[in-house]
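What follows is a single structure, written as structure tokens, with notes after it.
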Amino acid sequence: MADHATNPTRPCERCGTMIPPERIEILPDTRLCVACSQAVGGEFQISFVAENLAKSGTMKKNYGAISMKKTRKPVRRAQG
Ligand SMILES: [Zn+2]
């Protein structure tokens, strides 16, 4: 069912290299090629925000209120 007409590849926002379709398939949100992603130390900053629902004084921890925050690092296009 591969539709080669709609190949999802696109150029890297940093260096302009075409991002391999396999990478986009794995990381649909990616805007960087592998090299640039490594160069910037990862495209996304993922932080887990745990909401503290447990009442103070109780030992019970309340799980299930952890939200994942995925923020895209600002990417500057390489000069030149
Ligand atoms: Zn790149």
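Read-outs throughout are calculated quantities, based only on the coordinates presented, and are distinct from any laboratory measurement. It should be emphasised that the depicted structure is a prediction, and the values quoted were computed from it without experimental measurement. As a convention, Cβ positions derive from the backbone with ideal geometry for all residues, glycine included, and neighbour counts pool all protein chains shown.
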Net charge near residue 16 (other residues with Cβ under 14 Å of its Cβ; Lys, Arg +1; Asp, Glu -1) is +4
Residues other than residue 43 with Cβ under 12 Å of its Cβ, Lys/Arg counted +1 and Asp/Glu -1, net out at +4
Counting sequence-distant residues (5 or more places) and residues on other chains, those with an amide H built under 5 Å from that of residue 19 are 10, 12
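What FRET efficiency comes out for residue 49 versus residue 77 if R0 is 22 angstrom and r is the Cβ-Cβ distance? Round to the nearest 0.05.
0.15
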HN-Hα couplings for the stretch 10-22 via Karplus (6.51, -1.76, 1.60; θ = phi - 60°), in whole Hz with x for Gly/Pro, come out as 8, x, 4, 6, 9, 10, x, 5, 5, 6, x, x, 5
